[in-house]
Each structure stands twice: as structure tokens, then as C-alpha cells.
Amino acid sequence: MLYLVPTPIGNLKDFTLRAIEVLQQVDFILCEDTRTSSKLLQHYNISKPLTPYHQHNEHKVVDHLVQQLQAGKKIALITDAGTPGISDPAFLLVRACKMAGLEVTSLPGATAFVPALVNSGLPSTRFTFEGFIPLKKGRKTLMESLEKEERTMIFYESPMRLVKTLELFAQHFGAERKASVSRELTKMFEENKADTLQNLIQYFSSKTVKGELVIIVEGKAH
């Protein structure tokens, strides 16, 4: 059995009782960064072997992990923060498990875009999750394809690229398009700022921004 276990996106209290129980029962835990995961596991007195699993090695280790599961091992996959598979490694291993007829269980838990979307004040009945936009190849094509998107759009971004990305959105969607930026979610200095793209650009241009970000952008009006 492979367990996909979401981890807190900031506040360590956002960890489910079931997640703790599963991690205490598995044979070993796959994680992006053993140093980051060790802090969480130590906080909850979970002592299990940790094995690196990230975007740089997942292609190489998938077959071996499938063999381990076929041999009867119970394995949990966690990420540095949030739900595995949402802009984080998981897809390749899950697909391989499905093809091999192995069981996969995905636990519910923390995912950054859900609280950001609900907090934005923008329509949440229909939305599209775009994650991180391409840095180069495919960037222009993606933005042009989203110009007519009527659903609320969700993006992830890093602090160093926030203003440039907001400027890119203003260029393609219009400076008056409504949007929201959420940062440091669940942490002490959480901030959710909703305004037009133009005003958000001015606001964040004068600030030093830290932490991972979620940008919510209003869809095109009918």
C-alpha cells in the first residue's frame, strides 16, 4: 500500500490524527528533503526511516519502489508542505502503482490553494488550477490561452517573481482585473491582499515579500 500524506503548509497544528497514525505504521517514508521532514516527524514523535523522493530522482527510483510495494512494504509519501501531487512529486509513482495493480490511498489534508481561493472573495464554484507558470518555454502560449478563461484562475509563485508575474497578468488580463495574493498561509504573518492587478503591483512593488505565494485571478466576464 502506498499512502499519500499531506503535511502542514506552515502551522504544524494543521496535521490530521489519521496522518500521524499512518506515518507511525508504515515501513518507511518518502520525502523531498529529509531535513525539513525530520522537524515535522520529531514534533509528533514519529520515528521512521526517511528516503529522498523528489523531482530530480523520481524517474530513477519508481521501479524500485514499486518492487518494494509488491513485496508487501507499506510506504508513505510526503512533501515539504501540502498535498503530494499538487505542484509536488507523486504522479509518476501513483501512475506506476496503478499500472501494477497496487493500492494507493490519498489522505485529505492541507493544500495551499484552497484557503487562498476561499479567502479571495472571487467565485469558487468553478476554477482552474494552473500551478507555477512556465519560466520560458510555453509561457506565452499559456497566457494567451487563458485570456478568454471565464473561470477563476489559481497560480503558485515565488516571492522574487511576484511583481513580474502580476505585471504579466495585467498585460494579458487587463490592469483592472480583480485578483488576490496570499502569502505565509497559516503562519503568524499570514496576509491575504485582494484588489485590482494594477493596485496589487503597486502594493507589492514597495514591499519585501517572503514565503510561497498563491495568486487568485478573476476570470473574464461573460
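The numbers here are math on the coordinates, done by the rules we state, and not lab data. As the structure is a computational prediction, the values presented were derived from the model and not from experiment. No Cβ is skipped: glycine too gets one built from the backbone with ideal geometry, and neighbour counts run over all protein chains shown.
Some points to look at:
- Sparse packing (at most 13 other Cβ atoms within 10 Å of the Cβ) combined with a DSSP loop state is found for the following GluC sites (Glu not before Pro) in the stretch 1-109: 103.
- By the helix-only formula, in which each DSSP H run with n ≥ 4 contributes -39500 (n - 2.57) and the sum is divided by residues, the chain has a 222 nm mean residue ellipticity of -10000 deg cm²/dmol.
- With neighbours defined as other Cβ atoms within 10 Å of a residue's Cβ, the residues 120, 205 order from fewest to most as 205, 120.
- A simple packing score, the average count of other Cβ atoms within 10 Å per residue, orders the peptides 76-86, 183-193 as 76-86, 183-193, with the highest score first.
- The stretch 94-222 - charge dipole about Cα centre, Lys and Arg +1 at Cβ, Asp and Glu -1, debye rounded to 20: 360
- Dipole magnitude of the stretch 1-136 about its Cα centre (Cβ charges: Lys, Arg +1; Asp, Glu -1), debye to nearest 20: 60
- Rounded to the nearest 0.05, the FRET efficiency derived from the C-beta distance between residue 187 and residue 63 at R0 = 41 Å is 0.60.
- Percentage relative contact order, the stretch 2-106, counting C-alpha pairs under 8 Å, at least six apart: 42
- Relative contact order, percent, the chain [alpha-carbon distance under 8 Å, six or more residues apart]: 22
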